[in-house]
Structure formats: C-alpha cells, structure tokens
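Right, one structure below, let's go through it.
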Amino acid sequence: MKQRICDHIASIQTIKTTAEPVCEECIKAGGTWVHLRTCQTCGVTLCCDSSPAQHMTAHYNQTGHPVISSAEEGENWLWCYEDNLLVEYSEDSDNATV
C-alpha cells in the first residue's frame, strides 16, 4: 500500500540531516530536550513537542516551514505541519528517498 504524500513532502529533493545532535535554542537558553527534529526548509535542528520548550513547533509557527524530519538515529520519517501528515522514508548509504 502506497503512503499518501502531500505536496510539501513531495517537493523535498534531499532530506536534510543534522551535523550536530543538539537543539540550538535549548543550548542558548541552557535548557534540555527529549528528541530532535530537523526543518526540511532551512535545516535548523530543534527540540520536539515532548520537550519543555517545543522549539520546532515554535519555529514552524514563526516561519511557516511545513516539513520536519526526525533527527533521532534509526527514525526515518517526515512530518508535515500543514497537512498533519506523517510519512516514512527509506534510507540507503548514498541518499534518502520518500
């Protein structure tokens, strides 16, 4: 069964990943995080909604950047805030595809 994919996710050519697994805003504020997410528009990595500050959702609300990915090792999914849609993707050694 093929997954439903929204236009926002379909437009992603390459999945952005984080170089450093930290929430940039939590580091600035001296806070902590639970899980990390990477914005697929600008590449910023911020904390998830289970984290106290919920920086990634705040980033979406401020910028309108619709798609994030999990920055957690072994998790291969994208979330579209606009369409309330989760899509899993497969990853090989050279690239990732939806």
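Odds and ends about this structure:
- Computed [θ] at 222 nm, helices only, for the chain once each DSSP H run of length n ≥ 4 contributes -39500 (n - 2.57): -4500 deg cm²/dmol
- Local electrostatic count, C23, Cβ distance below 14 Å [Lys/Arg +1, Asp/Glu -1]: -3
- Cβ-to-Cβ counts within 10 Å put V87, V67, V34 in ascending order as V34, V87, V67, the fewest first.
- With the alpha-carbon atoms of the range 1-47 aligned to their principal axes, the span from lowest to highest coordinate is 43, 20, 15 Å, starting with the largest.
- The GNM of the chain, with springs linking C-alpha atoms under 10 angstrom apart, assigns the highest mean-square fluctuation among T38, T57, T14 to T14.
- Spin-label pair E73-V22: with each label point 7 Å from Cα along the Cα-Cβ axis, the two points sit 1.8 nm from one another.
- For the range 19-92, average projected area of the Cα convex hull in nm²: 5.0 nm²
- Cysteines in the chain lacking any other cysteine Cβ under 4.7 Å from their own Cβ: C6, C39, C42, C48, C80.
Values quoted throughout were computed directly from the atomic coordinates according to the rules given, and no laboratory measurement underlies them. This is a predicted model, so every value here is computed, not measured. Heads up, the Cβs are rebuilt from the backbone with ideal geometry, glycines too, and the neighbour counts pull from every protein chain shown.
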